[in-house]
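The values are calculated or read from the model by the stated rules, or taken from the named source; none is laboratory data. Bear in mind that the values here come from a model prediction, so they are computed numbers and not experimental data. Cβ placement follows ideal geometry from the backbone for every residue including glycine, while neighbour counts extend to all protein chains displayed.
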Amino acid sequence: MAWFKKGKPVKADKKVKIPEGSWVKCNNCKEIIYRQELDKNVKVCPKCNYHFRISAMERLALLVDDQSFHELDVDLVSNDPLKFKDKKPYKERLEENREKSGLREASVSGEATIHGHQVVVVVLDFSFMGGSMGSVVGEKILRAAELALETKKPFITVASSGGARMQEGIFSLMQMARVSAVIAKLRDNGILYISILADPTFGGVTASFAMLGDIIIGEPRSLVGFAGPRVIEQTIKKQLPEDFQRSEFLLDHGLIDKIVDRKELKKTVAQLIELLT
């Protein structure tokens, strides 16, 4: 392509190709952000402070000390107790999610240090079947909490989940009681439990371990609840308040203790451990 200037053809500059995926649209302010800038800012929008969802391994890299994490119960995987099938068999759905997320299950548990303080930590990953709590997720939380009880180490969880896993039915719902019971043991024995709520945290996870922490921390603007706002509005036939179920709303109504930016989370958790243990 060319145009003419003073009677002479001039070649147009070639268009610069931008690699796909180099830009990201913020879900909150709708600004377009350069992906590398977003990654440097720990997946937090530099324009409006919106916290993008991150994987369990990204969370651990931000929360615990380098090279300190030792994963536990790596080989625990879900089976198919109900032979469940919706659009596809449950076993096939599990395999797809393992391939997509790079994880064997929706939670990662292990021992680590945070600014030198020894802890036991469990992180849920929303990219694996919406971080849903099935038998294995419940078992991993239970075993991690029992380890914290045995070793007298603070117990840390990071929730990001749609709730109980429907493909496991009653086996999934049983996990709510199991994990709540072991959290009660931690409290009875004076073991610090810090619960961190990431976006989103819903259903049986909210109704069990996520809201039982001695200290409950929310990331900014995280959605936290049992049922979704649309379901609640349809049920009570009333319009809900602005920012209903956001971390800020929960803090104002005394349901959580603190809102902490992702970049400050590690330091804050370390300070709480120093003060309360």
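So that you can scan it fast, the table gives a plain yes or no per residue for (1) assigned by TED's automatic domain parsing to the domain that holds H117; (2) crowded, with 22+ Cβ neighbours inside 10 Å; (3) part of a loop (DSSP other than H, G, I, E, B):
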position	(1), (2), (3)
S172	yes, yes, no
S180	yes, no, no
I183	yes, yes, no
I191	yes, no, yes
E248	yes, no, no
G254	yes, no, yes
Q271	yes, no, no
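For segment 208-217, check the following and say yes or no: at least one residue is at pLDDT below 95, not acidic (D, E) and not in a loop (DSSP other than H, G, I, E, B).
Taking every residue of segment 208-217 in turn, none turns out to be at pLDDT below 95, not acidic (D, E) and not in a loop (DSSP other than H, G, I, E, B).
For segment 194-212, enumerate the residues that are in contact with a helix residue (DSSP H, G or I) (Cβ under 8 Å, 6 or more places away or on another chain) and either farther than 21 Å from S160 by Cα or surrounded by 21 or more Cβ atoms within 10 Å (Cβ to Cβ) (or both). Walk me through it before giving the result.
Filtering segment 194-212 for residues in contact with a helix residue (DSSP H, G or I) (Cβ under 8 Å, 6 or more places away or on another chain) gives 194-198, 201, 204-205, 207-209, 212.
I194, S195, I196, L197, A198, T201, G204, V205, S208, F209, listed by residue number.
Taking the stated definitions as given, is L265 part of a helix (DSSP H, G or I) and within 17 Å of V158 (Cα to Cα)?
The answer is yes for L265.
Looking only at segment 95-146, how many residues end up being of a type in the set (G, A, S) and part of a helix (DSSP H, G or I)?
Count: 7.
Restricted to segment 144-165, and to residues that are surrounded by fewer than 17 Cβ atoms within 10 Å (Cβ to Cβ) and either in contact (Cβ under 8 Å) with a residue 24 or more places away in the chain or in contact with a helix residue (DSSP H, G or I) (Cβ under 6 Å, 6 or more places away or on another chain) (or both), which residue is nearest to E274 (Cα to Cα)?
Here the residue is K152.
Please count how many residues of segment 250-265 are in contact (Cβ under 8 Å) with a residue 12 or more places away in the chain and farther than 14 Å from F226 by Cα.
Residues flagged as in contact (Cβ under 8 Å) with a residue 12 or more places away in the chain and farther than 14 Å from F226 by Cα within segment 250-265 amount to 10.
Any idea which residue in segment 214-249 is farthest from T201 (Cα to Cα), counting only those that are in contact (Cβ under 8 Å) with a residue 40 or more places away in the chain, touching a Leu at 6+ places or on another chain (Cβ under 9 Å) and not aliphatic (A, V, I, L, M)?
Here the residue is D214.
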